[in-house]
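Quick notes on the structure that follows.
The values are calculated or read from the model by the stated rules, or taken from the named source; none is laboratory data. Since we're looking at a predicted model, the values are computed, not measured. Cβ placement follows ideal geometry from the backbone for every residue including glycine, while neighbour counts extend to all protein chains displayed.
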Amino acid sequence: MKIQQVFGHVKAAKQVTTATTTSFLLSPLLLATLLFSRVSSQLVDQPAPVYQAEFTSYNDKTLYIRGGLNQGYPAKQLYALDISPLLTYSNKLTWRKLDEAGPIEPFRADLPLAVNRENQAIFNFAETGQMAEYNIALGRWTSGLMRVCFTPEVPLDSVRSSLRSTMDSKTGLIYIVGGWNGTEILVYNPAGKECSSLPLPPAFDAYYYLYHAWSESKNTIYVFGETAPTKGPAMWEFQVASKTWKRLPAQGTPPPLWDHKCMTSAFGGQKLVIFGGTDGISIVSGDIHIFDTTTYTWTKGAVSPNARDDAICGSSGDFFIVWGGRDANLGNNSPTEILFYNMRTNQWVKQSDIVPPSSNITTIAPPPILPPLTSSGTIPSTTTGPGS
């Protein structure tokens, strides 16, 4: 389902050369035509539907999408989707086109994309130990590529395609699992342009089949991936404070360890959602699995009306959303419709069916605006408290 229709260009009206009285009579019609033309041309266009795009999200508010493949060809694009209306069950989501340029090419590399804790900068990590930064307020990229870090210097082959980033909204630190030599976590501090690394559990098989998300409520990184020697799926919990890993018991119905899934957190990290994927041979999945970080239990939800892999996903309030990806029935064509899954009712719903809830349903408030970080990645003390 399209969020808004994009009209074609309207040709300019021809100059009226009739008598003065006739010209005055036609003026309202001409004015209406010109106004319609201007409004039509000012409508914000939508991104080309893609798969294998670089994407990241900001706490229930914004989903950022860069690049991707459209019918097998790279799409040079950078867009923001405002998903915050879903917090109040409004279906008025809007796209915003950002600067499509950027020093990192090609636009099909499927590299990590991250946003800072103030939602004012986007970081695009390259495969050469370099990165580019996009200033959202100014609407422009840095002039060229820059090193991710100098001390210590990130190994040149650390960041690879298919890796994702996650951000701790309390400290602003960005984590890329497998982003340091493929065997460790790259930790990037945007405030001080500093890097460090954290070990992965030895059971993980390099960086393959790793999906991860941040839980604000638990102050924890969750990693779902393949483990050795059994090569079976497992969910691990990394406690940032103690820097310790814990393998969690597989209760309920966990998802199969297929490739090209997408994973995100919901409800402040109380839930983790994994969707779609492929067995790499012939099957594309429309399954959705939800992990409860309190009970450590997997629940399989309703099957999606469209099976997709390499999709873009995020969450806002009660809703998990899916955009783009490869539809099992469309080959290399990506669907334009956004999929919505209501995690409270466990149902896939159409965008037009999302309406404000009755008074007995509690919606989730947007996250507060936090103060800037110091170079060490800590929040400075304040007597007034964070703004709203």
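For the condition of a type outside the set (S, T, N, Q), over 12 Å from Thr62 (Cα atoms) and out of contact with any Leu (no Cβ under 6 Å at 6 or more places or on another chain), Leu98 does not qualify. Identification of strands (runs of 3 or more DSSP E) wholly contained in the range 90-182 with 1 or more residues that are over 19 Å from His212 (Cα atoms) and modelled with pLDDT under 90 yields 130-135. When Gly72, Gly144, Gly139 are checked against the criterion of being out of contact with any strand residue (DSSP E or B) (no Cβ under 9 Å at 6 or more places or on another chain), within 23 Å of Ile174 (Cα to Cα), of a type outside the set (Ser, Thr, Tyr) and in contact (Cβ under 8 Å) with a residue 12 or more places away in the chain, a single residue qualifies: Gly139. The condition of being buried (at least 19 other Cβ atoms within 10 Å of the Cβ) and either without any contact (Cβ under 8 Å) to a residue 60 or more places away in the chain or out of contact with any Phe, Trp or Tyr (no Cβ under 6 Å at 6 or more places or on another chain) (or both) holds for only one of Phe275, Phe291, that being Phe275. Counting only residues that are farther than 19 Å from Gln347 by Cβ and outside any helix (DSSP H, G or I), the range 262-271 holds 4 of them. Within the set Thr264, Thr295, Thr278, the sole residue that is over 18 Å from the mean Cα position of the chain (by Cα), farther than 15 Å from Arg326 by Cα and among the polar types (S, T, N, Q) turns out to be Thr295.
Within the range 77-89, the set of residues being within 16 Å of Ile312 (Cα to Cα) and either charged (D, E, K, R) or assigned to a loop (DSSP other than H, G, I, E, B) (or both) comprises Gln77, Asp82, Ile83. Of the residues making up the range 230-245, those that are assigned to a strand (DSSP E or B) and either in contact with a helix residue (DSSP H, G or I) (Cβ under 8 Å, 6 or more places away or on another chain) or surrounded by 14 or more Cβ atoms within 10 Å (Cβ to Cβ) (or both) are Pro233, Ala234, Met235, Trp236, Glu237, Phe238, Trp245. With a requirement of 1 or more residues that are modelled with pLDDT of 80 or more and acidic (Asp, Glu), the strands (runs of 3 or more DSSP E) lying completely within the range 282-388 that satisfy it span 288-292.
Scanning the range 85-99 for residues that are crowded, with 17+ Cβ neighbours inside 10 Å and among the hydroxyl-bearing types (Ser, Thr, Tyr) yields one hit, Tyr89.
For the range 116-134, filtered to residues that are polar (S, T, N, Q) and over 15 Å from Glu100 (Cβ atoms), the residue that is surrounded by the most Cβ atoms within 10 Å (Cβ to Cβ) is Asn116. Checked against the criterion of being in contact (Cβ under 8 Å) with a residue 12 or more places away in the chain, among the hydroxyl-bearing types (Ser, Thr, Tyr), surrounded by fewer than 21 Cβ atoms within 10 Å (Cβ to Cβ) and within 30 Å of Tyr188 (Cβ to Cβ), the candidates Ser304, Ser217, Ser316, Ser265 yield just one match: Ser217.
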